Amino acid sequence: MTGENEAPPAPRRGLAEKRQAITRAARTVFGRDGYSRASIDAIAAEAGVSTRTIYNHFAGKELLFRTVVQESAGQVRDAQLDVIERHLAKVTDLETDLVTLGLAWVAALTTFVDHFALVRQINAEAAHLPKDLLDAWQATGPGLVMAELSARFDGLDDQGLLDAPDPARAAQHFVLLIGSEITQRSYWGAHPLAPSETEEIVTAGVQAFLRAYAARPAR
């Protein structure tokens, strides 16, 4: 029992707050070191908790990695779905709207730096990671995003704005054309390009996409 003038003990961090600190730290460490080299000790130090606290929340490194990948992919998925909705819900000028969409799309590389550092490591270690983990990551994040982009392109085809008989393939081509050069040159956002360079690359990518997929006037 504390004395009348004695300060009360500081409140202990709640379970949810500790879990959040662990997953945030794990994303940083996994993104920096990769799955194989990352250690629970390093994650505990980054989170400011004990290793026992981590094991109280997660059975081991693999479960923690799976959780971090799924949660991080879900956050980026929600942001990218919002980008698609904002820029393709109502198309007024196809090229302008696709450029604006492309710029918002590649901005995720710098908005979610820790996530794309994690993606970099997943791609580097894919041969050594369980396939079900990779499939779950795709299903939670990139797969859902690409399905939505495909559906939007299918709608633009129905409106006569695109000629995309295979909208899923068209969506893949769009993402590659606007983003692959930026991804490679910025090392997945680790070293961002100048805004003028980014805009030039995205605009060129959209123009190449439209040369392939823009609907041709009926003769």
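The values are calculated or read from the model by the stated rules, or taken from the named source; none is laboratory data. Model, not experiment: these values are computed from the prediction. Every residue, glycine as well, gets a Cβ built from its backbone with ideal geometry; the counts of neighbours run over all protein chains shown. Quick note on the areas: whole protein, heavy atoms, side chains included, nothing else; ligands and nucleic acids left out. Shrake-Rupley method; radii C 1.70, N 1.55, O 1.52, S 1.80 Å.
Overview of values
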quantity: Residue, nearest to Leu101 (Cα to Cα), within the stretch 122-160, restricted to residues that are open to solvent by 60 Å² or more (accessible area, probe 1.4 Å) and over 20 Å from the mean Cα position of the chain (by Cα); calculated: Asp154
quantity: Members of the stretch 90-132 found to be outside any helix (DSSP H, G or I), farther than 22 Å from Arg185 by Cβ and not charged (D, E, K, R), listed by number; calculated: Val91, Thr92, Leu129, Pro130
quantity: Options Thr100, Thr96, Thr110; residue that is surrounded by fewer than 20 Cβ atoms within 10 Å (Cβ to Cβ) and at pLDDT below 95; calculated: Thr110
quantity: Filtered residues of the stretch 46-59 (kept if in a helix (DSSP H, G or I) and either in contact (Cβ under 8 Å) with a residue 12 or more places away in the chain or of a type in the set (S, T, N, Q) (or both)); calculated: Glu46, Ala47, Thr51, Thr53, Ile54, Tyr55, Asn56, His57
quantity: Scan of the stretch 197-214 for residues that are free of Cβ contacts under 8 Å to residues at least 60 places away in the same chain, open to solvent by 40 Å² or more (accessible area, probe 1.4 Å) and either more than 16 Å from Val99 (Cβ to Cβ) or not charged (D, E, K, R) (or both), ordered by number; calculated: Ala204, Ala212
quantity: Cβ-Cβ under 6 Å pairs, at least 6 apart or on other chains, the stretch 178-196 side surrounded by 18 or more Cβ atoms within 10 Å (Cβ to Cβ), far side assigned to a loop (DSSP other than H, G, I, E, B); calculated: Ser186/Pro192; Ser186/Leu193
quantity: Flag for Pro165 being touching an Asp or Glu at 6+ places or on another chain (Cβ under 8 Å) and either surrounded by 19 or more Cβ atoms within 10 Å (Cβ to Cβ) or at pLDDT 95 or above (or both); calculated: yes
quantity: Matching entry among Ala45, Ala89, Ala73 (being small (Gly, Ala, Ser) and buried (at least 17 other Cβ atoms within 10 Å of the Cβ)); calculated: Ala73
